[in-house]
1. ILE165 passes all but one of (1) assigned to a helix (DSSP H, G or I); (2) of a type in the set (A, V, I, L, M, F, W, C); (3) within 16 Å of ALA222 (Cβ to Cβ); (4) out of contact with any helix residue (DSSP H, G or I) (no Cβ under 6 Å at 6 or more places or on another chain); which number fails?
2. Which of (1) open to solvent by less than 80 Å² (accessible area, probe 1.4 Å); (2) more than 31 Å from the chain's Cα centre (by Cα) is the odd one out, the single condition TYR848 does not satisfy?
3. Which of the residues belonging to segment 444-482 are aromatic (Phe, Trp, Tyr) and within 30 Å of ALA282 (Cα to Cα)?
4. What residue, among those in segment 797-806 that are touching a residue at least 40 places away in the same chain (Cβ under 8 Å) and surrounded by fewer than 22 Cβ atoms within 10 Å (Cβ to Cβ), is farthest from ASP195 (Cα to Cα)?
5. Residues in segment 1-53 that are open to solvent by 30 Å² or more (accessible area, probe 1.4 Å), in a loop (DSSP other than H, G, I, E, B) and not polar (S, T, N, Q): how many?
6. Do you know which residues across segment 426-461 are more than 16 Å from VAL292 (Cα to Cα), under 27 Å from the mean Cα position of the chain (by Cα) and among the acidic types (Asp, Glu)?
7. Quick check: is even one residue across segment 345-355 open to solvent by less than 50 Å² (accessible area, probe 1.4 Å), charged (D, E, K, R) and in contact with a Gly (Cβ under 9 Å, 6 or more places away or on another chain)?
8. Within segment 720-758, track down each residue that is in a helix (DSSP H, G or I) and within 31 Å of the chain's Cα centre (by Cα).
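The values are calculated or read from the model by the stated rules, or taken from the named source; none is laboratory data. What you see is a predicted model, and the numbers here were worked out from it, not measured in a lab. Here the Cβ positions follow ideal geometry from the backbone for every residue, glycine too, while neighbour counts run over all protein chains shown. Please note that ligands, DNA and RNA were not included when accessible areas were found on the heavy atoms of the full protein model with its side chains. Shrake-Rupley method; radii C 1.70, N 1.55, O 1.52, S 1.80 Å.
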Amino acid sequence: MTIRNLEKLFSPGSVALFGASDRDGSIGKTVRDNLQGNFQGPIWLVNPGHDEIAGIRCYPDADSLPGVPDLAVIATPPQFVPKIISDLGKKGTRAAVVITAGFREQGLTQDMLDAAKPYGLRIVGPNCFGLMVPGIGLNASFAHTMPLKGGLALLSQSGAIISAILDWSKDAGKGFSTMVSMGDMADVDLGDMLDYLAADSRTRAILMYLEQVTDARKFMSAARSAARVKPVIVIKSGRHAEAAKAAHSHTGALAGSDAVYNAAFRRAGVLRVIDLEDLFDAAEILSHLKAVHGDRLAIITNGGGAGVLAVDRLIDFGGTLAALSEETNSRLGEVLPETWSKGNPVDIIGDAGPQRYEDAMEIVLDDPGVDAVMVINCPTALASSAEAAEATLRSIDRNNRKYAHPKAILTSWLGDGAAHEARALFADAGYSTFTTPEDAVRGFSYLTRHAKDQKALMQTPPSLPEGFHADPQAARRVIDEARAAGRTLLTEPEAKQVLKAYGIPTVETVIVTSPEEAGTTAGRIIGPDVKDVALKILSGDISHKSDLGGVVLGLSSPQAVRDAAKEMLDRISQAMPAAAIEGFTVQPMIRRPGAHELIIGVSEDVTFGPVIMFGAGGTAVEVIRDTAMALPPLDLKLARDLMEETRVFKLLRGYRDRPPADLSAIALTLVRISQMIAELPEITELDINPLLADEKGVIALDARIVADGTACPTGKLNPRFAIRPYPSEWERMETLPEGRTVLIRPIRPEDERFYDVFMEKTDPEDIRMRLFVPMRRLEHEFIARLTQIDYARAMAFIAIDPDSNEMLGISRLSADPDNVRAEYAVITRSDVKGHGLGWALMQQLIKYAEAEKIRELWGQVAVENQTMLKMCRELGFYVHQDPTDASLRLVTLPLDMPD
């Protein structure tokens, strides 16, 4: 990921247009007219077939230009583009928009990229609609009009969508900081744009129209980073496409591409909407209103019917109608007419004037059981809609000044002519308003969904239980033996051995080769504690045994098992005569009345790599279709979130006389599966179906695994994950010079628990010299940002004392989006200073930076922190005066990148 030279796209001082034309209807003329509309810098036209166009000098090539264009716009035939790019790079241009199509068809894409690479010249496109930056009057596109200036950024993979949005947004008064048609994304892609726009002060919200993601890991890293600082809202087309590829497993059949995109957007904190109007409504409300702290909505209206409609839509969207307190109802009764509604919605009656609106709003906002308020106005001849709007604005202002965390206030002024003035008042004050109560409720749903997603990004997961461990070597041996035998589909017993290696309880399974041996084995299993057994066919050619009659349950005698085995062989030979039958498996029947049948699975998505599925299991799993998807890696909190996405979760919490299932055991199983596919990338498909779950725990009754993926070297993790997993290969025990041994490992989200003790045992002066401000306690939100890092762009190593299980020190780096430079920081607890721990943490950080091909570490050190400055010099850092602050030193360390 890189934002290198992207500023030349969005803030160019000069532009050159290659392929300029005077022919009506041509792209070259349309782009020329657009560029010359409002852009204030030099615009140079390039076309070797013209000396001038419309009275403006035209140049034959890049070399002949009178200056270096910051931005080139190219609309020539594709065969000329690679040389144009090369010439521009030599001249010093560092950004280009290539509108021309046909590169893939003519095989010229790589030639163009090769021409740009030596100069770091960035390319938007090819095959794109162009780029628009209204704030500087730049319209480098063939659009029919220029967007209004504003704070929304639009990234679109469809030029037609940009054209449609341009018309709609101007009529709706929506303004943009930029509009970018992404085209083929040969160079600059969504991840680059998200990184740039996240830091762009002119952009308050990022909108995307997506058809596909091309680099999932880069996209997820950039989207997660951007969504933490401003709203990111997306429309993804193709929601109902028949995209699921044929797969052996239930998971593969159930994991539709759109469901995976939904999981990716949730994980990144990106809000997904359905249509274009929703896109802008969501952007407006999220960028103008403060975050809500709950979903309890109070409705104030002068029309009862409008309030009822709002309640209906609120329930449709899964919201909650706030229950007003007795005190609130009593206070409202004192200021409202006798005929008011006596509850929520608060109907203040059709003749309500401005004072009644203000009184009702003040009282309702004071209710601690209310998280947000919707104010509705229906036009009447008895009161002014504009005056009601002015009263509402006064109440909003009072709310913002009165509360440390102001409650969200949404407005809906119905009608057209009567509401026009009121809507203008809200717009002038910078507040969103909605034309219908239904739209306002939809807007509120965006607020609550976004708040929930943002909260999830910051929540600290529970710690894993003591003794959480796995034996990946044992699991890999099973997989290697199967692959050596020419099989990638593991047998059921083999699959259960892999699960067992990761601590997932399974039922004992015995392999037999004949009906007679099956009966004998059943005789040994059946006894006082086991009343009957299950018999299953064993064949690498049969994926779903039940479909072919390859499973018989509840066999209570050896003879019944023999007879069932013979009948099973007959059924299979007729249904699938070519199947190679290896024998049978016999296992005790697990009798757990009331247990829930669940499914946990893994499949490979063509875009996002491995995905994990959870839901209601059993033989009817594809009929019930109660499943949810998540991207690994998972922790206990993310596992619980995945479970809560399903309908079966309500049953798992218990109902009537059925006790709750062991939810922690289910979540832990999901985490173990996540760890398994991180450490064993050979696994591309997995089903545990059914996984029985009740108050006693979980047990896997059946399992299947496909292992046709590429293995990684020992210690390396699955490279196909869209989100980089916890880098366990960087864990190590370190012996300090005095002989003390500490564990140095990458930080994890659950490490927040260490910070209180760490801060207590660290001198305030040490904290001040590290953070440059005095601080004794860190808030949860701040610690969450320190512990919940994206390993694709940041790293933190912590030192743990194995005896006390306390954190002794931390070193961290945060790389720029180019992954060229990284800022570092290190701090050790005051009581362990001078023992070599800071040195050990820095050595680990430097090794990591070199492995990640970061070229330079840098940091700021207080002048009085002589201990740190001394260590920096010993580590090879250069020490300079910080040009921005005389009290600081800037330290830099050039790094050698490994081959």
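1. (3)
2. (2)
3. PHE444, TYR446
4. PRO802
5. Residues in segment 1-53 being open to solvent by 30 Å² or more (accessible area, probe 1.4 Å), in a loop (DSSP other than H, G, I, E, B) and not polar (S, T, N, Q): 13 in total.
6. Of everything in segment 426-461, just one residue is more than 16 Å from VAL292 (Cα to Cα), under 27 Å from the mean Cα position of the chain (by Cα) and among the acidic types (Asp, Glu), namely ASP439.
7. yes
8. SER728, GLU729, TRP730, PRO749, GLU750, ASP751, GLU752, ARG753, PHE754, TYR755, ASP756, PHE758
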